[in-house]
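Please treat every number below as a calculation from the coordinates, not as lab data. This one's a predicted model, so the numbers in the text were calculated from it and none came from an experiment. Because the Cβ atoms are built from the backbone with ideal geometry, glycine has one as well, and the counts that use them run over all protein chains shown.
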Amino acid sequence: MTKRMASNEPKCAELSVQQKQSAIEEIDKLIDELSKFDSTTIGNISDDRIYIFQIKINKVLVDIFGPNTLDYERYRNIEYLNTTPITMGSNDIQVIQQGVGAAVKKAVSVLNVIKDGFIRDIQNIDSNKPSRILAAYSGLDLHPAIATVSNDLYKNGHYAQAVEAAAKEIERLVKEKSGMPDKYGSSLMQHVFSSNSPKLKFNSLSSQSDKDEQQGFMYLYTGAVMAIRNPRAHENRIDAPEEALEYIAFISLLAKRLDKAYK
């Protein structure tokens with residue numbers, strides 16, 4: 001019979017990139033403090049500084065990994081800085097100082113190993129980021145008209161141009177469906193989708209909730225041309241690939257919703 005694992009059995013910590021970045025900063029601060037500690041200034045094994053450093057090391061490990069994880073159990077022994085046995089004789093304090101000094105160096109060494117591991121993890125993720133984002137973009141179910149104008153630009157790294165093309169396309173689609181080729185930009189969107197006498201409706205406008213929805217969509221379409229299209233049409237904007245992906249996905253949603261609108 002297979003032995004079932006207890007639900008409270010320690011597991012490996014699963015840290016996000018942001019958590020690893022924060023952990024690196026926390027580790028660096030602790031390493032700096034430990035490196036400045038001069039063990040030859042210890043007068044006895046009960047020196048408060050030893051206890052304080054043990055508390056700090058434990059806190060950092062708990063903050064990073066959590067108290068009930070395999071990672072915490074693996075590294076927690078570095079917090080014990082006062083393991084040097086007390087012996088009799090004139091050299092006792094030197095033995096204690098040497099023991100604490102060696103324990104501090106070990107703690108710094110292990111903390112550096114943890115930090116270096118996090119750095120490698122982040123670098124590996126960053127090196128794969130472009131391909132992951134492109135794969136995410138390729139996996140989007142974009143509106144055909146938006147995909148037609150944006151796909152090649154995006155996949156060739158022209159992110160701002162891809163966003164601008166998508167925003168211009170949604171304006172063209174609204175003009176085409178509403179039969180209003182002579183209006184442009186925010187004026188077009190507010191005229192076509194006004195909750196008072198819209199050219200295109202998203203619902204029957206029979207309740208206040210329907211009217212709120214209609215007006216809300218009017219603002220979304222207006223925002224697409226004012227906040228997304230206009231800045232890229234009039235300025236030299238640079239969009240990050242993930243940001244561009246989200247803009248294009250949003251505009252694609254508007255295009256799909258437009259397909260369901262009626263006169």
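General observations
- Within the chain, helix-based [θ] at 222 nm, where runs of 4 or more DSSP H residues each add -39,500 (n - 2.57), nearest 500: -22000 deg cm²/dmol
- A cut-off under 13 angstrom between Cβ atoms defines the neighbours of residue 188, and their net charge, with Lys, Arg +1 and Asp, Glu -1, is +4.
- The coefficient of translational diffusion for segment 140-260, derived via Stokes-Einstein from the alpha carbon Kirkwood radius under 10 °C and 1.306 mPa s, stands at 109 µm²/s.
- Taken over segment 17-129, the ratio of Cα radius of gyration to 2.2 N^0.38 Å equals 1.22.
- Cβ charges +1 (Lys, Arg) and -1 (Asp, Glu), total dipole of the chain, debye: 960 debye
- Distance distribution note for the chain: the fraction of Cα pairs above 27 angstrom is 62%.
- For the peptides 158-166, 95-103, residues were scored by their other Cβ atoms within 10 Å and the scores averaged per peptide; the highest-first order is 158-166, 95-103.
- Each 10 Å bin from zero up to the one holding the largest Cα-Cα distance in segment 90-197 carries the following percent of pairs: 12, 21, 17, 13, 10, 9, 8, 6, 3, 1.
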